[in-house]
Amino acid sequence: MERKGVFIAFEGCEGVGKSTQMRLLSEYLSARGVAHTVTREPGGGEISEAIRKIILDGKFTAMTDECEALLYAAARVQHLADTVLPALARGETVLCDRYIFSSFAYQGGGRGLSRKFLRDINRYAEENCMPDITLFLDLPPVRAFERKHGADENDRIEQAGAAFHQKVYETYRQLLEEYPGKLVAVDCSGTKFETQEKIRALLRAKGLIG
Ligand code: TYD
């Protein structure tokens with residue numbers, strides 16, 4: 001499928017305000033008449049949303065780390081086929097809540113799986129559809145959980161504990177150095193409107209939005 005649109009992914013720890021920032025950016029694109037699709041991982045379509053329910057279900061405490069990583073990778077492939085690649089072929093801008101760097105940060109940094117294993121199982125995504133840019137909404141997890149008043153007790157990943165989320169954050173910081181220009185940090189310590197202005201300025205400077 002030919003890729004004509006722009007692919008922008010959003011990353012960050014829990015509660016940094018990704019969905020709010022994506023909504024504000026979507027409003028901006030709508031006001032300018034830019035055709036776009038807003039989607040999320042794991043999920044987006046019927047099959048990947050079904051996989052999402054299995055992954056996040058709080059009762060599956062016995063799920064192995066490898067199984068978790070493979071389910072995220074499976075949901076990703078299906079999501080690409082159902083949602084992302086068709087939208088890019090139509091020339092739309094795609095805003096995606098989480099993508100491959102979430103697997104590197106959560107299953108790599110958080111769970112301790114090797115980067116080689118994660119790259120192997122995510123090869124299809126890496127070879128066929130890397131984002132034009134991934135924005136890392138930068139706020140340490142302690143601050144983010146304060147903002148959202150604690151972790152969701154029904155969410156297996158949110159329940160993983162403070163040390164896990166700190167490792168996830170530190171892995172994102174390393175990834176910023178490994179993928180300069182591809183993974184870019186946006187400081188989120190200000191108001192949501194200040195953060196949104198930073199996001200728009202960055203995307204404009206890269207020629208990804210008007
Ligand atoms: P979600 O409720 O969407 O969290 P958030 O609003 O913080 O994005 O659930 C997605 C969860 O899945 C989140 O805890 C991060 C995790 N995740 C991974 O561990 N690996 C992945 O590859 C992806 C895409 C998400």
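The values are calculated or read from the model by the stated rules, or taken from the named source; none is laboratory data. All figures in this text were calculated on a predicted structure; none of them were measured in a lab. Cβ sites come from the backbone with ideal geometry, for glycine too, and all protein chains shown count toward neighbours. For accessibility, only protein heavy atoms count, side chains too; no ligands or nucleic acids. Shrake-Rupley method; radii C 1.70, N 1.55, O 1.52, S 1.80 Å.
In plain terms, the C-alpha convex hull of the range 104-210 casts an average shadow of 8.0 nm² when viewed from every direction. Exposure check, 1.4 Å probe, all protein chains in place: D187 carries approximately 80 Å² of accessible surface. Computed over the Cα atoms of the range 1-108, the ratio of the radius of gyration to the Kirkwood radius (Rg/Rh) comes to 1.00. Only protein heavy atoms count here; on that basis, with a 1.4 Å probe, Y169 has an accessible area of about 30 Å².
Exposure check, 1.4 Å probe, all protein chains in place: E127 carries approximately 140 Å² of accessible surface.
The calculated FRET efficiency for R23 paired with C67, based on their beta-carbon distance and R0 = 41 Å, is about 0.80. Considering helices alone, the calculated mean residue ellipticity of the chain at 222 nm is -13500 deg cm²/dmol, with DSSP H runs of length four and up weighted by -39500 (n - 2.57) and normalised per residue.
About the centre of its Cα atoms, the range 6-205 shows a dipole size close to 280 debye [charges on the beta carbon of Lys, Arg (+1) and Asp, Glu (-1) only; nearest 20 debye].
Each peptide in 18-27, 80-89 gets a packing score, the mean of other Cβ atoms within 10 Å over its residues, and the list from highest to lowest is 80-89, 18-27.
Heavy atoms of the protein chains alone define the surface here; on that basis the chain has 46 Å² accessible area per residue at 1.4 Å probe size. What shape does the chain take by its C-alpha gyration tensor, where a ≥ b ≥ c are the square roots of the eigenvalues and a/c under 1.5 counts as rounded, a/b above b/c as prolate, and the rest as oblate? Oblate, because a/c is 1.5 or more while a/b does not exceed b/c.
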